[in-house]
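This report concerns only the one structure given below.
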Amino acid sequence: MTRTPAAAFMPLAVILFFLTAGVFLPWQLWSLPPYDLQRVFQGGALAWLVAVGGFQARRPLYRSLAAAAFAQRLVSATVALLMLLAAALSPFPGIGLLELGYLLALGVSVAVLAIHAARLTTLCWMLTGGLLALFMLAYGVFAIDHVRVAWAVADRHDFGPGFANVRFFADVAVGVMPLSLLYVVSRQAPSRVAAMLCLAPLTVWWWLLWVSESRGALLGLVVAGPCALWLLGRGARWPVGLLAISGVMGLLGWWYLNPIGGAGASAIFVRDITSGSGRLALWRDALAYSVEHFPLGLGPMGFAADGHLRSAHVHNLLLNTAAEWGLPLALSWLALMLLGCRALIRKARDMPESSKPVFACLVMAFVGMMVNVQVAGAQVVPLSALVIVLVTGLVFGYRPGSGASSAPRAKAPVPIGATLAWAASVLMIIYLLIAGLALYRLAVDSTPECFRELGRAYLYPRFWSQGRLECMQLVAPEHWLFRQ
């Protein structure tokens, strides 16, 4: 593996490029729905990360797995076995393998990014924050222009332009906003000039979240700050303070510049923000499915084929896993998450004070994403899933003093097991692309039929913008993806 900081920055640059293109190009290219176009960009990013980044990182990935604690290896092996069984024994193994390939691509991409993140220099971290802040500024300008045109007739969905649903914007914002603060703190001393430059786009994004009533993202960001302060103390003051100040400024903008509820209105929220918005029914059904179909659940993407024309996912990561992959796998994922959180706590306690501001940005992004994903389907939606990869890889890969020069080491031969594992991952990516294209054709063909069955034009996003498998079976019941 090439160990230069420039090469280490490449996987991160790939994610930032596809994220930016996925946000801005839907405004220019309308031949595909924004959701579907963003899935294409996500597929390109994951394919590059697995095929190219995975090849470069196969030796350190293999060593990391071999050096992991026994509990981590045991839980990881349990997760892998249960996922293979659930996919192979699902009602539609072709769909199960597609979903398995998608989750594998996300997991390998996280591992690749974590390996490379350990070599990032201070300049790389500053560049990452600066690019994200510039991205936020550009999006804020376009969003304000869009809202200005639609001001007289705007509803809350107009406050996430470029996304098929405003919640998809919020799922991206909760991870990107804390990471943009890397531009401020990735220095010997935080820069007040950089802080002022970041406040403008942060305030606009907070305003967009407040006016669109994106409760999951708001909750995630509000919880993330105190968690970073608890974990890192004084080292988190700058990023937490800047996020809080911009949040208050966005809140003031929401109060005085709000075409939805009316400036200063007593009932400023359009909807009851204490309601579950249908999620409680989804969660109850998911728990019921995890018990009724114990131990392997409905099967991958099973919630999109349960016979109810409604949301194609549960809007909760753990409950979605329990319903579709089985309760044992959901508990294994929870155990893996807890082991990861313990590792982050230990890392924070042993970290020098000079490294804590950077780590605080990463922790806030990670906590915000993990809170949001328990009330949203961010792991399903294309660009927010890419942000989850970005955040998770960076927070677990970060090393204090990373990028420092080290004495060259003799290159040992790459273990054959590492190369075989990489080759298997590439084969899964190839199947993901082939099966994903076949599923897209089914989604397009089945959309009119689904509209007729429902009696109204409404899409149910999952892998593509129309994600209900029952609708696809109506037009192609014998398709190879549905063969049992």
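The values are calculated or read from the model by the stated rules, or taken from the named source; none is laboratory data. Computed from a predicted model, the values in this text were never measured in an experiment. With ideal geometry, Cβ positions are generated from the backbone for all residues, glycine too; neighbour counts draw on all protein chains shown. Heads up: the accessible areas ignore ligands, DNA and RNA and are worked out on the full protein's heavy atoms, side chains in. Shrake-Rupley method; radii C 1.70, N 1.55, O 1.52, S 1.80 Å.
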Handout entry: Checklist (1) buried (at least 18 other Cβ atoms within 10 Å of the Cβ); (2) assigned to a helix (DSSP H, G or I); (3) not aliphatic (A, V, I, L, M) applied to residue 377, failing item
Key = (2)
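Among the residues that make up region 304-322, is at least one of them small (Gly, Ala, Ser), part of a helix (DSSP H, G or I), buried (at least 23 other Cβ atoms within 10 Å of the Cβ) and without any contact (Cβ under 8 Å) to a residue 40 or more places away in the chain?
First pass over region 304-322, keeping only residues small (Gly, Ala, Ser): 304-305, 307, 311-312, 322.
Among the residues that remain, those that are also part of a helix (DSSP H, G or I) are: 304-305, 322.
Pick out the ones that are also buried (at least 23 other Cβ atoms within 10 Å of the Cβ) and you get 304-305, 322.
If we keep only those that are without any contact (Cβ under 8 Å) to a residue 40 or more places away in the chain as well, we get 322.
For region 304-322, residues small (Gly, Ala, Ser), part of a helix (DSSP H, G or I), buried (at least 23 other Cβ atoms within 10 Å of the Cβ) and without any contact (Cβ under 8 Å) to a residue 40 or more places away in the chain: present.
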Exercise for the section: Output yes when any residue across region 447-455 is buried (at least 17 other Cβ atoms within 10 Å of the Cβ) and modelled with pLDDT of 90 or more, and no when none is. Expected result: yes
Exercise for the section: Kindly list the number of the only condition in (1) touching a residue at least 12 places away in the same chain (Cβ under 8 Å); (2) farther than 14 Å from residue 286 by Cα; (3) in a helix (DSSP H, G or I) that fails for residue 351. Expected result: (3)
Exercise for the section: Among the numbered conditions (1) of a type outside the set (Gly, Ala, Ser); (2) at pLDDT 95 or above; (3) open to solvent by less than 30 Å² (accessible area, probe 1.4 Å), tell me where residue 351 comes up short. Expected result: (2)
Exercise for the section: Identify the single condition in (1) touching a Phe, Trp or Tyr at 6+ places or on another chain (Cβ under 6 Å); (2) modelled with pLDDT under 95; (3) not hydroxyl-bearing (Ser, Thr, Tyr) that residue 187 does not satisfy, given that it satisfies every other one. Expected result: (1)
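For region 115-126, how many residues meet the condition of being open to solvent by 20 Å² or more (accessible area, probe 1.4 Å), part of a helix (DSSP H, G or I) and either free of Cβ contacts under 8 Å to residues at least 40 places away in the same chain or not hydroxyl-bearing (Ser, Thr, Tyr) (or both)? Show your work before the answer.
Going residue by residue through region 115-126, those that are open to solvent by 20 Å² or more (accessible area, probe 1.4 Å) are 115, 118-119, 121-123, 126.
So of that shortlist, the ones also part of a helix (DSSP H, G or I) come out as 115, 122-123, 126.
Next cut, either free of Cβ contacts under 8 Å to residues at least 40 places away in the same chain or not hydroxyl-bearing (Ser, Thr, Tyr) (or both) only: 115, 123, 126.
Result for region 115-126: 3.
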Fill in the blank from the handout: Subset of region 142-154, residues farther than 15 Å from residue 257 by Cβ and either modelled with pLDDT of 95 or more or surrounded by 14 or more Cβ atoms within 10 Å (Cβ to Cβ) (or both), comes to 142
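Residues 94, 129, 162, 175: which one is part of a helix (DSSP H, G or I), open to solvent by less than 20 Å² (accessible area, probe 1.4 Å) and over 30 Å from residue 356 (Cα atoms)? Write out each step before concluding.
Working: 129 fails: over 30 Å from residue 356 (Cα atoms); 162 fails: part of a helix (DSSP H, G or I); 175 fails: over 30 Å from residue 356 (Cα atoms).
From the options 94, 129, 162, 175, the qualifying one is 94.
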Problem - Hits in region 323-348 (condition: over 19 Å from the mean Cα position of the chain (by Cα), open to solvent by 50 Å² or more (accessible area, probe 1.4 Å) and over 16 Å from residue 287 (Cα atoms)) - result: 342, 346
